[in-house]
1. Of these, T172, T161, T221, T199, which one is among the hydroxyl-bearing types (S, T, Y) and under 38 Å from the mean Cα position of the chain (by Cα)?
2. Just to be sure before I move on: is T201 of a type outside the set (D, E, K, R), within 29 Å of Q158 (Cβ to Cβ) and at pLDDT below 95 in the structure I sent?
3. How many of the residues in the stretch 228-253 are within 50 Å of the chain's Cα centre (by Cα), part of a loop (DSSP other than H, G, I, E, B) and surrounded by fewer than 12 Cβ atoms within 10 Å (Cβ to Cβ)?
4. Please count how many residues of the stretch 189-216 are of a type in the set (D, E, K, R) and crowded, with 16+ Cβ neighbours inside 10 Å.
5. Residues being at negative phi, without any contact (Cβ under 8 Å) to a residue 40 or more places away in the chain and not aliphatic (A, V, I, L, M): count how many of those fall in the stretch 220-251.
6. Which residues, taken from the stretch 145-160, are exposed (fewer than 13 other Cβ atoms within 10 Å of the Cβ) and not in a loop (DSSP other than H, G, I, E, B)?
7. Report yes if A125 is in a helix (DSSP H, G or I), more than 24 Å from V225 (Cβ to Cβ) and at pLDDT below 80, otherwise no.
8. Cβ-Cβ below 8 Å, separation at least six or inter-chain, first residue in the stretch 188-199 and over 12 Å from Y171 (Cβ atoms), second part of a loop (DSSP other than H, G, I, E, B) and of a type in the set (D, E, K, R): which pairs?
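The values are calculated or read from the model by the stated rules, or taken from the named source; none is laboratory data. Because the structure is predicted, anything quoted here is derived from the model rather than measured. Methodologically, a virtual Cβ is constructed for each residue, glycine included, from the backbone with ideal geometry; neighbour enumeration extends over all protein chains shown.
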Amino acid sequence: MKEQQAKEAKAAREAEKLREQKEQERLAAEQKAREEKERAAKAEAERKVKEEAAKKAEQERVAKEAAAAKAEQQRIEREKEAKLAEEKAKREKEVAAKAEQERLAKEKAAKEAADKAKKEKERAAKAEAERKAQEAALNDIFGSLSEESQQNNAARQQFVTSEVGRYGAIYTQLIRQNLLVEDSFRGKQCRVNLKLIPTGTGALLGSLTVLDGDSRLCAATKRAVAQVNSFPLPKDQPDVVEKLKNINLTVAPE
C-alpha cells in the first residue's frame, strides 16, 4: 500500500514537474513570441522611418533638381535677353554710324558742288571780262586802223583765235561738268578732237577722236562729251564758227 502510494506520489511529482516544465516552456514561448512581435514592430517602425526619410530625401532631391533646372532656365533666358539687347544696340549703333557717314558725305558733296559752282562762275566772269576787253581792244584797233587792211586782218585773226580759245574753254567746262572723276585721274590729261555740226542755235557732236592722253581718262572724257546736249556757237561770226567746227581740246580734272 505504501509502495503504491509512494509510486503515485512520485508520479504526481513527476507529472507536476512535467506540467511546470511545459508551463515554463509555454511562458518562454509566449515571451519569445512577444519579443519577436516587438522586434518585428520595431523593425517595421524603423523601416517606415527610413522609408519616410528616403521619401523625404527624394522629394528634396527632386525639388532641388527642379529649382536648379528653373534657375538654369532663368539664367539662359537672361543671357538670351542680354544677347538680344546687345545685338539690338549694335545694330542701332551701326545704323547711326552709317547715317552719320551719309550725312557727312552729303555735306562734303554739297560743299564741293558749291565750291565748283563758285569757281565756274568766277571763271565764266573772267572769260567774259577778257572777251569784252578783247572786243574793246579790237574795236579800238579797227577804229584806228580802218584803212590798214593787213593790220585789220591780223587783228581779226587775233580775235578769231581768242574767240576760239574762249569757246574751247566753254566746251572743256561743259565736258568737265559731266566727267566722272577718279582719284587716279589727278595730274593726267586727255587731248581730243571734236568735229561739230552747226544747228543754228548751237552745234551737235559729229565725231570725236582721241589724240593722246591717259586711256582711262580718255574713256571717261568720251562718255562726258556724249552727255553734252549742245555746244554753243557765236552769232554772226562765221570765221569763228568755221574754226570751232574742227577743234582740239585738252581735258584734265581740276
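1. One residue alone meets the criteria, T221.
2. So T201 fits the description; yes.
3. Of the residues in the stretch 228-253, 1 are within 50 Å of the chain's Cα centre (by Cα), part of a loop (DSSP other than H, G, I, E, B) and surrounded by fewer than 12 Cβ atoms within 10 Å (Cβ to Cβ).
4. Going through the stretch 189-216 one residue at a time, the tally reaches 2.
5. 6
6. Residues satisfying the conditions are S149, Q150, N153, Q157.
7. Answer is yes for this residue.
8. Short answer, once both residue conditions are applied: K188/D214; Q189/D214; C190/D214; K195/K245; I197/K245; P198/K245.
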